């Protein structure tokens, strides 16, 4: 975007709806902090809030939305179906709507391509008779109800995207929300999604807490050149690539600072340098799941 007006930018999904480019992520936000963070973000100008049933904070997110005084119709809300709810999609969306205190969700995602049996509290037992293809067929029923505007997926790599598309879906996912930052760029995955008309939302775009990225000298040099923070450069990197970004913070000052990316236009050499950073790490792995999810080694050096 030549003029760098990122905070007013939106990306048009394959449904025609427009998702705001910059949002607030709420993963790992501690209880009693989320409400304040969401309210602060909306008052600072954010219009995109991301949450999930698994985060256990949907009720607080809903309270923060109400506290802000911003009309519901001006806010894009994304939430997600948790793994043990894959056979209970209707119950899942009802639970989220109730906790958020809203009548509809702008974007509802399958949180992980892993259907687990809720009878096992360890979450280590996958259903033998059900997987994410079955879940997607249930998800496809939701837009007709008016309670969900768009449906999509999260943490799907190339293998799962290909498999879902080969299954003959009635609806192509509008979004794939995945971990994206210069140390986990997954260029092959994002290229595939772009080819299939699936928008990518970048979570952990800042690399999460204590990220090695904050010590990266290439990144620090680019930030110094532009007179911006490393965090703002990371957001601009994602936005330049056409991803919506959902940085997480619970500190009002940081929430506001993350939103002050307007006017930051990275040069071609900046983007090239960030795209080839040699180090690789993932914030969110799949070791806690009953089977591996990240099958494509798209994150190698």
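Here are the numbers:
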| item | result |
| --- | --- |
| For the chain, alpha-carbon Rg and Dmax in angstrom | 18.4, 55 |
| Length added when fully stretched, residue 172-residue 267, from 0.36 nm per residue minus Cα-Cα | 30.8 nm |
| Cα gyration tensor category, rounded, prolate or oblate, for the range 1-113 with a/c compared to 1.5 | oblate |
| Once the Cα gyration tensor of the range 64-153 is diagonalised, semi-axes √(5λ) in Å | 26, 14, 10 |
| Over the chain: helical MRE at 222 nm, DSSP H runs n ≥ 4 each giving -39500 (n - 2.57), nearest 500 | -9500 deg cm²/dmol |
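Throughout, read-outs are computed from the coordinates displayed, never taken from laboratory work. Keep in mind that what you see is a predicted model, and the values were worked out from it rather than measured.
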